[in-house]
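Undergrad: Below are the structure tokens for one structure; questions will follow.
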Amino acid sequence: MRKLFLCLVVVLFGCGVASAQFNVQGGSQSPVKVAKPKPKPRPVRKRKPPAPKLPPAKELFGAVEVPAPLAARAIGSYSKGCLAGGIALPFNGPDWQVMRVERNRNWGSPQLIDYLERLSSDARAHDGWPGLLVGDLSQPRGGPMLTGHTSHQVGLDADIWLTPMPDHTLTLQEREDVTAVSMLKDPFSVDTTVFTDLHIKLIRRAASYPQVARIFVHPAIKKSLCQRAEVAGKNHTWLSKVRPWWNHHYHFHVRLACPRGMEGCVNQKPVTGDLGCGKELDNWNKMLKNSAIWAAEQNIKHPPKPPNKEPPKMEPPKKKPPKESAAEDKAAKDKAAKKKMKSWKKQVQLHSLPKDCKTVLTSGGNKLLSVDDQLPPRALRAIASKDAGPSVPILTPAELQIVRKGGQLGMPLPDRNPVR
Ligand SMILES: [Zn+2]
């Protein structure tokens, strides 16, 4: 019996070896394959992005108060770049004044400064515009800004107020306090008593120079330009450069094309010959309507607090309770640092900009801001500076009803029951 059992083991073992050899030799008559259980896929662990070694690009550029001492060059694209060899538009010129000077954003390429000087002089001489109030150009070395703009990074963009220059030189304080006047009567149309023929001529003049690539205005202004272009002459080709964009209702934005032959300067796609007074404007009207309805609804849900008329009571500043222990203090500091890092990671970093922008930042011995440094006082003042203009008018509840029903503001809806 024992012998028989041994014999069976030997026979079975022999079969196993033969079968293995058969498989190795690649025989087609494969014996039954034993399905191996598939290994379970390992959960992919998302690696946390490393903590930034530098503050975000907007802080690095926003902290520098002087231009890069290099040959003048616009580097990169309008919304992702920087400026070498920027020059300042003087605060006062014969036909212009710079506003919000605390922001230190009156820097541009030499071509932009030439353009502004020429436009201000031509507009006064030929169109009767009293002079330009100039808003933001770029920071001394361009780059992303601490507040307010996505573009304006390469020294080829300029904001010009639609408020005419007063007949006297504004004080520095007035330049911080004065607010530009909105051209809008409601979210969809200009107030024709404010947006005059003079404004139309100024925008036409601004668009007329060959170096201008685009001009941005609020869609309601574009609509008015399309309707009233005659006042600025019979040739309307300039209108194709004037493009609608949000929020440009108290200023317009001039964008110059890259100066010819400027290496590393990236142009936006040129405009087509379409004047933009048809379908494009219709699309904008739909977007304006949606946006106005949304803003009015938000205003009803969260009404702004009425301004406090009583003067603030002078109370002694409350003393912060002392932290119970050094460990608690450290924990609070760590929490704040973590929060800062989290917000920084979402922002544009220096390495996302063109390579030469690092040279622009460090040239002239400029020491980069480190993660532990505070922004300098001037940059903090730029962040705190007052908005240049008011926000877009918000529909009243009654106006909201009219707009929702597809009616036009200023025109009564047809009576539902005319017999009444
Ligand atoms: Zn602008």
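The values are calculated or read from the model by the stated rules, or taken from the named source; none is laboratory data. Remember, it's a predicted structure, so these values are computed and weren't measured experimentally. Positions of Cβ are generated from backbone atoms using ideal geometry, with glycine treated the same way; all protein chains shown enter the neighbour counts.
Undergrad: Inspect all residues belonging to segment 210-223 and state whether any of them is more than 16 Å from the ligand (Cβ to nearest atom), of a type in the set (D, E, K, R) and without any contact (Cβ under 8 Å) to a residue 40 or more places away in the chain.
TA: Among the residues of segment 210-223, not one is more than 16 Å from the ligand (Cβ to nearest atom), of a type in the set (D, E, K, R) and without any contact (Cβ under 8 Å) to a residue 40 or more places away in the chain, which makes the answer no.
Undergrad: Shifting gears a bit: Tally time: how many residues in segment 246-276 are crowded, with 17+ Cβ neighbours inside 10 Å, out of contact with any helix residue (DSSP H, G or I) (no Cβ under 8 Å at 6 or more places or on another chain) and under 23 Å from A292 (Cα atoms)?
TA: 3
Undergrad: Inside segment 155-193, can you point out the residues that are more than 16 Å from G135 (Cα to Cα) and either crowded, with 17+ Cβ neighbours inside 10 Å or within 16 Å of the ligand (Cβ to nearest atom) (or both)?
TA: Passing the criteria: M183, L184, K185, D186, P187, F188, S189, V190.
Undergrad: Restricted to segment 100-152, and to residues that are acidic (D, E) and touching a residue at least 24 places away in the same chain (Cβ under 8 Å), which residue is nearest to the ligand (Cβ to nearest atom)?
TA: Filtering first and then ranking leaves D136.
Undergrad: With S240, S291 as the choices, which residue is at pLDDT 95 or above, away from the ligand (no atom under 16 Å from the Cβ) and under 27 Å from the mean Cα position of the chain (by Cα)?
TA: On inspection, the qualifying residue turns out to be S240.
Undergrad: Something else now. Would you point out the residue of segment 58-83, among those that are basic (K, R) and assigned to a strand (DSSP E or B), that is farthest from the chain's Cα centre (by Cα)?
TA: R73
Undergrad: Ok, one more. Residues that are within 30 Å of K58 (Cβ to Cβ) and in contact with a Pro (Cβ under 6 Å, 6 or more places away or on another chain): which strands (runs of 3 or more DSSP E) entirely in segment 123-214 hold 1 or more of them?
TA: 184-186
Undergrad: Same structure again: Does R118 qualify as being closer than 28 Å to R204 by Cα, surrounded by fewer than 22 Cβ atoms within 10 Å (Cβ to Cβ) and out of contact with any Phe, Trp or Tyr (no Cβ under 6 Å at 6 or more places or on another chain)?
TA: Answer is yes for this residue.
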